[in-house]
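Report on the structure given below.
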Amino acid sequence: MSKCDRLVDLGRRQFLRGSAAAGVGAAATVVATPKRAEARARVEYPSNRLANVADLAVDEPLDISYPDDDSPGVLIKLGKAVPGGAGPDGDIVAYSVMCPHKGYFLNYHAADRTLNCPGHYSRFDVELEGQQIFGMSNQSLPMFELRVDASGDIFAEGVDELIYGRTNNVLGG
Amino acid sequence: MTYKRGVDQLPIPPADARVQNVTCDFCIVGCGYKAYSWDLNRQGGMAPGENAFGIDLAEQQWAESEAWYQPSMYNIVMQDGRPVHLVVKPDTDCVVNQGLNSVRGGRIAETRYSEQTGTMTDRLTHPQVWRYSQHMPTSWDDALSLVADVTRRVIEEWGEDGVIVSAFDHGGAAGGYENTWGTGKLYFDAMKIRNIRIHNRPAYNSEVHATRDMGMGELNNCYEDAELADTIFCVGANPLENQTNYFLAHWVPNLRGTSLGKKEEQLPGEPHAPAKVIFVDPRRTVSVNVCEIEAGAENVLHLAIKPGTDLVLLNALMTEIVDKGWHAADFIAAHTSGFDEALAANRTSIEDAAGITGLDPEDIRKAARWIAEPKEGGALRRTMMAYEKGLIWGNDNYRTNAAIANLCFATHSVGRPGTGCVRLGGHQEGYVRPPDGHVGRPAAYVDQLLINGEGGVHHVWATDHFKSTLNAEEFRRVYRRRTNIVKEAMEAIPYGDREAQVEAIVNAIRRGGLFAVDVDILPTPIGDCCHVVLPAATAGEMNLTSMNGERRLRLTEKYMDAPGAALPDCIIAARLANHLEASFRAAGNDAYADQFKGFDWQTEEDAFMDGYHQHAGGGEHVTYDRLRAMGTNGVQEPCAGVEDGKLVSTQRLYTDGVFGTDDGKAHFMASEWRGLQAKGRAEQREKYPFLINNGRKNMIWQNAFYDVRTPFVRERFPVPPIEMSPDDMADLGLEAGDLVEVWNDVGSTQAMVYPIATARRGECFMLFSSPLGQVGNVISEHTNELMIPNYKNVWANIRRIGRAPQADGISFKTPEYPADA
Ligand code: SF4
Ligand code: FES
């Protein structure tokens with residue numbers, strides 16, 4: 001999905017929720033006319049190769065980082081198609097592993113496919129786009145947007161929430 | 001589908017951003033925050049010298065960074081008529097939360113009114129009156145003079161008992177010292193209103209009468225005591241979800257053993273160990289789960305009692321402790337009275353208690369040991385006793401509250417470091433009002449009065465019976481009928497003919513109608529019924545003082561404009577008083593009009609100086625300037641004076657063993673078990689298969705007034721969840737995410753099934769106070785003798801309606817942190 005489609009998709013989700021004003025343009029930039037919300041251009045993401053499909057086994061998370069080395073993440077093959085899953089089986093997902101509360105590193109719990117925070121016990125569902133099941137953060141877990149090419153190479157190309165510890169997902173961007 | 005904001009960068013506060021003190025709007029803990037605001041046309045930079053945090057934002061920040069703020073902590077708001085960027089983030093220098101935010105507090109900024117970003121745009125911005133068959137915007141003078149004229153006519157015809165009031169009595173947003181004083185002075189000083197009730201219960205009464213009658217205020221220790229305790233005894237409370245940062249910042253270090261250094265330093269000469277914790281709760285909560293993770297299961301005792309039997313357990317613990325000789329005999333002799341009588345009256349054997357509570361007798365003995373067995377070398381244990389709604393809103397409120405206070409006095413668990421016998425609290429507190437003795441005891445059961453057709457005018461302050469009362473179905477039905485009688489009468493007369501309007505309203509009241517006035521920040525279901533709706537300002541839109549669960553008083557500074565013409569509640573009360581004075585004077589009743597003198601406040605600070613400064617214990621030392629200088633740490637009440645320009649705290653109460661009774665002694669009280677006290681509940685238990693226990697959830701604040709408007713929360717809980725055992729679900733053919741009807745002999749409501757593997761069969765737990773499924777619909781009207789409801793012990797049946805909206809995008813995995821993660 002291109003970034004443009006992604007924005008359209010986010011916009012659609014907002015529309016379905018019936019809170020058209022509150023979403024995409026909510027944060028960010030200088031607003032020219034204070035009475036109107038404006039969509040903010042999202043940052044430019046690099047396309048980084050993370051691994052090849054052949055490197056992955058079900059429920060064996062692979063450490064990755066994206067969009068740069070200082071942003072650790074995890075790449076997981078779940079063995080069943082999930083929302084936002086990539087690859088031929090729609091079952092490959094990637095997430096930031098810095099808790100979007102206070103930045104502790106999350107642990108993968110294969111038994112119920114969750115990422116868990118030893119900081120203050122937040123839990124995120126890796127089968128459901130990183131939805132916070134219980135916890136302290138006001139966002140679900142940043143999910144890395146993936147593309148898998150014909151050779152099975154997996155690329156990350158975007159992030160759907162602000163990564164912990166940054167004011168901009170692409171540092172210096 | 002999981003809600004994602006799609007926000008991947010945030011504006012940066014420049015080095016010269018304005019920084020102000022904020023105390024969280026929400027729960028009792030009162031975490032410290034800072035509000036950063038700066039001009040919309042400016043941006044800070046990544047370089048350390050260019051941003052308010054003084055760090056290099058081009059580098060990744062690691063765990064517990066002081067500088068990170070997430071999108072929910074950002075907004076664009078108006079300040080002095082100009083749009084500004086706003087970041088509200090937790091303050092690392094605040095001793096309460098030490099930089100932590102909970103999921104509730106982390107969205108202070110996002111829940112502000114913003115026409116720029118679209119958040120909370122349905123805030124009430126202008127007074128509205130019912131005219132031309134709808135709520136129409138109008139001026140303050142028009143709205144208030146109508147309220148004053150109708151209120152005067154009601155008083156003239158029915159006396160002050162014709163005026164019914166529902167008003168907050170708490171601190172934090174929609175409360176605070178300024179606003180409780182404003183409303184208190186109006187209704188208890190200018191008038192002597194008796195038919196008044198509090199935001200979450202149908203009468204004007206204490207939730208903790210007994211402990212006060214026995215001489216002990218319910219907020220008597222400090223948060224550090226949770227770090228110093230040998231044992232924490234927690235009854236009917238779930239602190240991880242409801243007092244989150246108190247639990248995280250002050251309980252967890254003691255569970256982990258990282259507060260041992262502090263214990264040894266502050267309490268030398270006795271042995272110390274990491275804390276043991278006892279929970280009394282029919283339900284296994286995430287608090288139990290996390291205590292096991294942090295302290296080890298061997299240091300956590302969960303007493304999963306049969307619902308409503310706390311009193312028996314507390315009496316048995318006291319009996320066992322005394323029989324073992326572990327009680328604080330010296331303290332009892334010197335500082336208490338009534339010990340022998342109470343002990344004799346309450347004597348309960350472990351075996352009898354086990355029979356009634358369903359507990360293992362060995363577990364009760366173990367609890368007694370953990371609470372009171374002296375430490376090696378003979379030192380008294382330091383046990384902190386904490387309770388909340390499970391006890392307060394549970395069976396036989398008064399006696400059960402007395403029973404825990406008895407246990408506290410018997411073990412001298414108050415006034416010593418590491419102890420305290422405290423409610424954990426819901427809202428922050430902020431109560432200062434003129435004396436309320438005229439209300440009487442028991443106080444009037446206001447909701448029942450309204451149902452019975454009494455009262456002519458109803459003033460509603462930030463309260464919504466529709467969501468939060470008991471017997472809610474009947475209440476709503478009658479309330480709609482009565483207010484509609486007045487609406488129809490108003491519609492029949494041109495609005496501009498004030499005299500005829502008022503006459504028509506009074507006639508409608510004579511026919512059983514009710515004229516209603518709602519003061520709130522957002523539209524509410526009860527406000528829909530009202531004839532006048534008045535827009536209030538909330539914290540941050542006004543200066544507001546409150547105290548937290550350790551009596552820590554802070555000033556939240558005004559950092560943004562209130563929407564439209566909204567005003568602080570205290571100023572609304574003052575302007576209403578002015579209009580009442582004018583109305584009575586115009587009617588020729590100068591004597592009554594004169595009662596409304598003293599309401600010439602122009603600002604909330606005027607109300608603070610008139611109220612708190614003059615009337616609160618230690619208030620004479622406290623001013624806005626002094627509080628501002630104390631920042632987010634404030635001062636613990638009662639303020640003991642000023643030293644070097646700083647306000648002096650009282651860390652703990654009753655350290656001298658002098659209690660709040662005539663003789664200064666703590667009074668033990670007989671509190672015998674009498675079964676399920678509220679009328680009809682024992683029969684209901686036999687008749688219906690499911691307990692509908694109820695309470696809060698971590699993610700949702702109070703009655704969800706902001707949360708239903710916040711996509712991140714609304715997407716997770718579009719309908720109030722009801723937690724059920726998977727076995728019960730299988731019996732009823734239910735799946736996770738099914739929408740069910742909960743129904744009994746009182747009424748019916750709806751909820752979304754959430755499976756909880758550890759839930760006991762036949763015992764459900766439902767979110768309370770939700771606008772999209774009010775548990776109050778199935779709670780009968782019966783209360784205890786002091787008009788305190790038993791909201792918790794309710795039984796009902798459950799049947800499937802269909803799928804809950806959005807259920808297929810919701811994760812129903814367990815909230816419990818895995819032991820092997
Ligand atoms: S714990 Fe309570 S006071 Fe603290 S941030 Fe959360 S809601 Fe606010
Ligand atoms: S850092 Fe993860 S829950 Fe706090």
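The values are calculated or read from the model by the stated rules, or taken from the named source; none is laboratory data. Because the structure is predicted, anything quoted here is derived from the model rather than measured. With ideal geometry, Cβ positions are generated from the backbone for all residues, glycine too; neighbour counts draw on all protein chains shown. What goes into the accessible areas is simple: the full protein's heavy atoms, side chains included, and nothing from ligands, DNA or RNA. Shrake-Rupley method; radii C 1.70, N 1.55, O 1.52, S 1.80 Å.
Restricting to segment B:231-254, what's the tally of residues that are farther than 12 Å from B:Glu388 by Cα and either open to solvent by 10 Å² or more (accessible area, probe 1.4 Å) or within 16 Å of ligand 2 (Cβ to nearest atom) (or both)?
So the count comes out to 12.
B:Asp745 passes all but one of (1) away from chain A (no Cβ under 14 Å); (2) touching a strand residue (DSSP E or B) at 6+ places or on another chain (Cβ under 8 Å); which number fails?
(2)
Does A:Ser96 fit the bill of being touching a Ser or Thr at 6+ places or on another chain (Cβ under 6 Å), open to solvent by less than 10 Å² (accessible area, probe 1.4 Å), within 12 Å of chain B (Cβ to nearest Cβ) and over 26 Å from B:Arg696 (Cα atoms)?
no
Looking at segment A:84-126, which of the residues that are of a type in the set (Lys, Arg) and at negative phi is farthest from ligand 2 (Cβ to nearest atom)?
A:Arg123
Taking segment B:90-107, which residues are more than 8 Å from ligand 1 (Cβ to nearest atom) and out of contact with any Lys or Arg (no Cβ under 6 Å at 6 or more places or on another chain)?
Matches in segment B:90-107: B:Thr92, B:Asp93, B:Cys94, B:Val95, B:Gln98, B:Gly99, B:Arg107.
Report yes if A:Ala150 is open to solvent by 30 Å² or more (accessible area, probe 1.4 Å) and either more than 8 Å from chain B (Cβ to nearest Cβ) or at pLDDT below 95 (or both), otherwise no.
yes
Pick out the one residue from B:Arg382, B:Arg399, B:Arg365 that is in contact with a helix residue (DSSP H, G or I) (Cβ under 8 Å, 6 or more places away or on another chain), within 14 Å of B:Gly308 (Cβ to Cβ) and open to solvent by 20 Å² or more (accessible area, probe 1.4 Å).
Being in contact with a helix residue (DSSP H, G or I) (Cβ under 8 Å, 6 or more places away or on another chain), within 14 Å of B:Gly308 (Cβ to Cβ) and open to solvent by 20 Å² or more (accessible area, probe 1.4 Å) holds for just one of B:Arg382, B:Arg399, B:Arg365, which is B:Arg399.
Got a sec? Which of B:Ala342, B:Ala316, B:Ala333 is hydrophobic (A, V, I, L, M, F, W, C) and surrounded by fewer than 20 Cβ atoms within 10 Å (Cβ to Cβ)?
B:Ala333
Take B:Gly631 and tell me if it is under 22 Å from B:Arg551 (Cβ atoms) and not basic (Lys, Arg).
yes
Could you say whether any residue in segment B:148-157 is polar (S, T, N, Q), open to solvent by 20 Å² or more (accessible area, probe 1.4 Å), over 25 Å from the mean Cα position of the chain (by Cα) and modelled with pLDDT of 95 or more?
no
Name the single residue that is nearest to ligand 1 (Cβ to nearest atom) among those in segment B:171-180 being open to solvent by less than 10 Å² (accessible area, probe 1.4 Å) and out of contact with any Leu (no Cβ under 6 Å at 6 or more places or on another chain).
Looking at the filtered set, the residue picked out is B:Gly172.
Kindly check whether there is at least one residue in segment B:787-805 that is more than 28 Å from B:Phe475 (Cα to Cα) and within 14 Å of chain A (Cβ to nearest Cβ).
no
Counting only residues that are away from ligand 2 (no atom under 15 Å from the Cβ) and part of a loop (DSSP other than H, G, I, E, B), which one in segment A:127-152 is nearest to the chain's Cα centre (by Cα)?
Here the answer is A:Glu129.
Condition check: touching a strand residue (DSSP E or B) at 6+ places or on another chain (Cβ under 8 Å), farther than 21 Å from B:Trp38 by Cα, at pLDDT 95 or above and away from ligand 1 (no atom under 12 Å from the Cβ). Does B:Thr117 satisfy that?
So B:Thr117 fails the test.
Looking at segment B:427-444, I want the residues that are over 23 Å from B:Gly171 (Cβ atoms) and open to solvent by 20 Å² or more (accessible area, probe 1.4 Å) and have a partner that is among the aromatic types (Phe, Trp, Tyr) and modelled with pLDDT of 95 or more with Cβ atoms under 8 Å, at least 6 apart or on another chain. Which pairs are those?
Every condition considered, the pairs that remain are B:His438/B:Phe188; B:Ala444/B:Tyr204.
Filter segment A:136-147 down to the residues that are closer than 18 Å to B:Gly809 by Cα and facing chain B (nearest Cβ under 8 Å), then identify the one that is nearest to ligand 1 (Cβ to nearest atom).
A:Asn138
Among the numbered conditions (1) in contact (Cβ under 8 Å) with a residue 60 or more places away in the chain; (2) open to solvent by 10 Å² or more (accessible area, probe 1.4 Å); (3) of a type in the set (S, T, N, Q), tell me where B:Asn289 comes up short.
(2)
Filtering segment B:6-33 down to residues that are part of a loop (DSSP other than H, G, I, E, B) and among the charged types (D, E, K, R), which residue is nearest to A:Ser140 (Cα to Cα)?
That would be B:Asp8.
Scan segment B:30-63 for residues that are within 16 Å of ligand 1 (Cβ to nearest atom) and over 13 Å from B:Asp91 (Cβ atoms) and report the count.
Residues in segment B:30-63 being within 16 Å of ligand 1 (Cβ to nearest atom) and over 13 Å from B:Asp91 (Cβ atoms): 0 in total.
Going by the conditions given, is A:His120 within 16 Å of ligand 1 (Cβ to nearest atom) and open to solvent by 10 Å² or more (accessible area, probe 1.4 Å)?
So A:His120 fits the description; yes.
Hey, could you check segment B:729-763 for residues that are among the charged types (D, E, K, R) and open to solvent by 10 Å² or more (accessible area, probe 1.4 Å) and say which is nearest to the chain's Cα centre (by Cα)?
Among them, the one singled out is B:Glu763.
B:Gly45: touching a residue at least 12 places away in the same chain (Cβ under 8 Å), open to solvent by less than 40 Å² (accessible area, probe 1.4 Å), under 30 Å from B:Val422 (Cα atoms) and away from ligand 2 (no atom under 16 Å from the Cβ), yes or no?
no
From B:Tyr3, B:Tyr36, which residue is closer than 30 Å to B:Asn703 by Cβ, at the interface with chain A (Cβ under 10 Å from one of its Cβ atoms) and either open to solvent by less than 50 Å² (accessible area, probe 1.4 Å) or in a strand (DSSP E or B) (or both)?
Sole residue among the options that is closer than 30 Å to B:Asn703 by Cβ, at the interface with chain A (Cβ under 10 Å from one of its Cβ atoms) and either open to solvent by less than 50 Å² (accessible area, probe 1.4 Å) or in a strand (DSSP E or B) (or both): B:Tyr3.
Do the conditions hold for A:Tyr164, that is, is it within 8 Å of chain B (Cβ to nearest Cβ), touching a residue at least 60 places away in the same chain (Cβ under 8 Å) and open to solvent by less than 10 Å² (accessible area, probe 1.4 Å)?
Considered against the rule, which asks whether it is within 8 Å of chain B (Cβ to nearest Cβ), touching a residue at least 60 places away in the same chain (Cβ under 8 Å) and open to solvent by less than 10 Å² (accessible area, probe 1.4 Å), A:Tyr164 comes out as yes.
Return yes or no: is B:Ser166 within 14 Å of another protein chain (Cβ to nearest Cβ), open to solvent by less than 30 Å² (accessible area, probe 1.4 Å), away from ligand 1 (no atom under 16 Å from the Cβ) and touching a residue at least 24 places away in the same chain (Cβ under 8 Å)?
Against the criterion (within 14 Å of another protein chain (Cβ to nearest Cβ), open to solvent by less than 30 Å² (accessible area, probe 1.4 Å), away from ligand 1 (no atom under 16 Å from the Cβ) and touching a residue at least 24 places away in the same chain (Cβ under 8 Å)), B:Ser166 does not qualify.
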